[in-house]
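Asker: Supplied in structure tokens, the structure appears directly below.
The values are calculated or read from the model by the stated rules, or taken from the named source; none is laboratory data. All of these numbers come straight from a predicted model, not from anything done at the bench. No Cβ is skipped: glycine too gets one built from the backbone with ideal geometry, and neighbour counts run over all protein chains shown. Accessible surface areas use protein heavy atoms only, side chains included; no ligands, DNA or RNA. Shrake-Rupley method; radii C 1.70, N 1.55, O 1.52, S 1.80 Å.
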Amino acid sequence: MTTNYDFWLFDLDGTLVDIEPAYPRKVMGAVGDCLGVEFTDRERDALWYGFGGTRSRTLAERGVDQQEFWRLFHEEEDPVARAEATYLYDDAEAFLATLDTPVGLVTHCQQYLTEPVLDHLDIADWFETVVCCDDDIGWKPDPKPVELAMREMGVWHNGHSGVLAGDNPSDIGAAWNAGLDGVHVGRRSPAETGRCVRGDRRVATLLDLASSQGR
């Protein structure tokens, strides 16, 4: 796998940024209160991160309808509070500083949440484009959100080589479905996430890619 690409795409949550643990536990606790269910801390983590299908399994075990869960979740989310609880990975800032090619963002995080996070961390100007997946655009591993980002960056089907880096299997699937290389950023161990993700390259930190940038 080369890393001398014409452009880079990144996932957001779990790849470039993460959130202080108290915030997701508080949100999931509030959602549980609305549902009349008391989630344990472990269940709250499972519901937030959804590692290895744990989200669907946890809801099924508690007899909670997924659509109702997500409706209450989005009602409970506070964009400002989430932004203030979000932090940027040091290696993400260091690695992106080495890139002199176009950089884009393709995230499942909704626009009303993504924009405050980017503004709070002062990183909005890092990206040529930001694509927030939805039912109209599509959800990774569907290639459509990736292809939209590529079109907006002017690098779609015109001989440019690119890559998408993310922490989720859906990121790698979206990369491959769009004809790109996929880098899995494994910030947590397979024992914690319950899965081992195959990609063109697997790294624990983005700085593992920096030495091959030739800069």
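Asker: Using a 10 Å cut-off on Cβ atoms, rank the peptides 162-172, 134-144 from the highest mean neighbour count down. Walk me through the intermediate numbers first.
Answerer: Working: 162-172: 24.2, 134-144: 15.1.
Descending mean neighbour count gives 162-172, 134-144.
Asker: Given points 7 Å out from each Cα along the Cα-Cβ axis, report the D33 to D122 separation in nanometres with one decimal.
Answerer: Calculated label separation equals 3.5 nm.
Asker: Expressed in nm to one decimal, what extension gain is obtained for the pair E152 and R202 from 0.36 nm per residue of sequence separation less their Cα-Cα distance? Before the final figure, lay out the partial values.
Answerer: Numbers: separation 50, 0.36 × 50 = 18.00 nm, distance 2.72 nm.
Length gained, E152 through R202: 15.3 nm.
Asker: Now, a different point. Return the FRET efficiency for the residue pair T98, E76: r is the Cβ-Cβ distance, R0 is 35 Å, and the value is rounded to the nearest 0.05. Could the numbers behind the result be given before it?
Answerer: On the way: r = 38 Å, r/R0 = 1.09.
About 0.40, to the nearest 0.05.
Asker: Largest first, how would L35, L9, L99 line up by accessible area (1.4 Å probe)?
Answerer: Details: L35 50, L9 0, L99 25 Å².
Most to least solvent-accessible, the answer reads L35, L99, L9.
Asker: Counting only heavy atoms of protein chains, what accessible area per residue, in Å², does region 21-83 have with a probe of 1.4 Å? List each step's numbers first, then the result.
Answerer: Values: 3500 Å² over 63 residues.
Ligands and nucleic acids excluded, the result is 56 Å² per residue.
Asker: Next question. Based on alpha-carbon positions alone, could you give the equivalent ellipsoid semi-axes of the chain from the gyration tensor, as √(5λ), descending, whole Å? Don't skip to the end; give the middle numbers.
Answerer: Numbers: eigenvalues 183, 61, 58 Å².
Sorted largest first and rounded, they come to 30, 17, 17 Å.
Asker: State the percentage of accessible surface on the chain attributable to carbon and sulfur atoms; use a 1.4 Å probe and exclude ligands, DNA and RNA.
Answerer: Values: 4730 of 10360 Å².
Roughly 46 percent, rounded to a whole number.
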